[in-house]
Amino acid sequence: MLASILITGGDAQKRQAKALLKATDFLGDKTENNPDFFLIKEETSIKIAQIRELKGKVSLKPFSAKAIVVVISEADKMTLPAQNSLLKILEEPPQSSRIILTAPGPKTLLPTIVSRCQIIHLSDETKIDQEILNSQFSILNSLLSASPGQKILLVEKYSRNQEQALAFCQNQLLFLRELLHQKTYNPKPIYHQISLNIAQIARMMRSLQKSLILLKNNVNPRLLIENLLISYPN
């Protein structure tokens, strides 16, 4: 099995969500504040200096996880020198490291990089990733059974920064859309353990949509997620 993974298809947010789930599997732990996890993500371009720095990180032994895990989000933003530098790492990857790349498609990267990766192609955006749905089911199920005090304790887990709060709201909205579809059209819904009725689901979806708009306008993520979780029915 190849030590590196390339995730293609879907949209950028969905690719990164899949990459972080894979990273969690390799780490055997969460990615947040994990000394064995590194994320490279840039709005414009990823430079060769960042990849050279990465070489030193992946050569280390894991601090506490099963492996050193690196996610290069939207790896197609790497400059050509950066891609060539990454290729040298992929040619002889350290045994205790895993590198996960995301990109719109394999043609956006050097063929020699692609050939050294296991490719995971996501379905079209209209098709739901079952792994993400199952994860969000567990989260929502826990939140619905939590007391107001327990919800407050969970706030930090989903609101350390704007990006994390956005991902939480987007993934919850994704799951609730699927739940609404199942409860409307499926007499035996997969997620029957969640006892929300259609009106409750619709209200929660509206709250999440408003939350996404507010987050994009730089509202404090912690306060927003706190108010959102308290509004969830028990």
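The values are calculated or read from the model by the stated rules, or taken from the named source; none is laboratory data. Just so we're clear, the structure is a prediction, and the values are computed from it rather than from any experiment. Cβ: placed from backbone, ideal geometry, glycine included. Neighbour counts: every protein chain shown.
Values for this structure:
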| quantity | calculated |
| --- | --- |
| Some residue of region 14-27 being among the polar types (S, T, N, Q), modelled with pLDDT of 85 or more, buried (at least 17 other Cβ atoms within 10 Å of the Cβ) and within 20 Å of residue 115 (Cα to Cα) | no |
| Output for region 76-93, where each listed residue is over 11 Å from residue 52 (Cβ atoms), hydrophobic (A, V, I, L, M, F, W, C) and free of Cβ contacts under 8 Å to residues at least 60 places away in the same chain | 78, 80, 87 |
| Selection within region 63-90 - modelled with pLDDT under 90 and either of a type in the set (A, V, I, L, M) or crowded, with 19+ Cβ neighbours inside 10 Å (or both) | 65, 67 |
| Unique residue being assigned by TED's automatic domain parsing to the domain that holds residue 11, in a loop (DSSP other than H, G, I, E, B) and either out of contact with any His (no Cβ under 6 Å at 6 or more places or on another chain) or among the polar types (S, T, N, Q) (or both) when the list is 65, 23, 49 | 65 |
| Residue count for region 52-62, restricted to those that are surrounded by 15 or more Cβ atoms within 10 Å (Cβ to Cβ) and in a helix (DSSP H, G or I) | 3 |
| Cβ-Cβ under 8 Å pairs, at least 6 apart or on other chains, region 128-148 side surrounded by fewer than 16 Cβ atoms within 10 Å (Cβ to Cβ), far side among the β-branched types (Val, Ile, Thr) and assigned to a helix (DSSP H, G or I) | 148/230 |
| So residue 60, is it more than 22 Å from the chain's Cα centre (by Cα) and farther than 20 Å from residue 161 by Cβ | yes |
| Which numbered condition residue 94 fails, given (1) at pLDDT 90 or above; (2) farther than 30 Å from residue 170 by Cα; (3) part of a loop (DSSP other than H, G, I, E, B); (4) not hydrophobic (A, V, I, L, M, F, W, C) | (1) |
| The lone exception for residue 85 - which of (1) assigned to a loop (DSSP other than H, G, I, E, B); (2) farther than 28 Å from residue 162 by Cα; (3) touching a Lys or Arg at 6+ places or on another chain (Cβ under 8 Å) it fails | (1) |
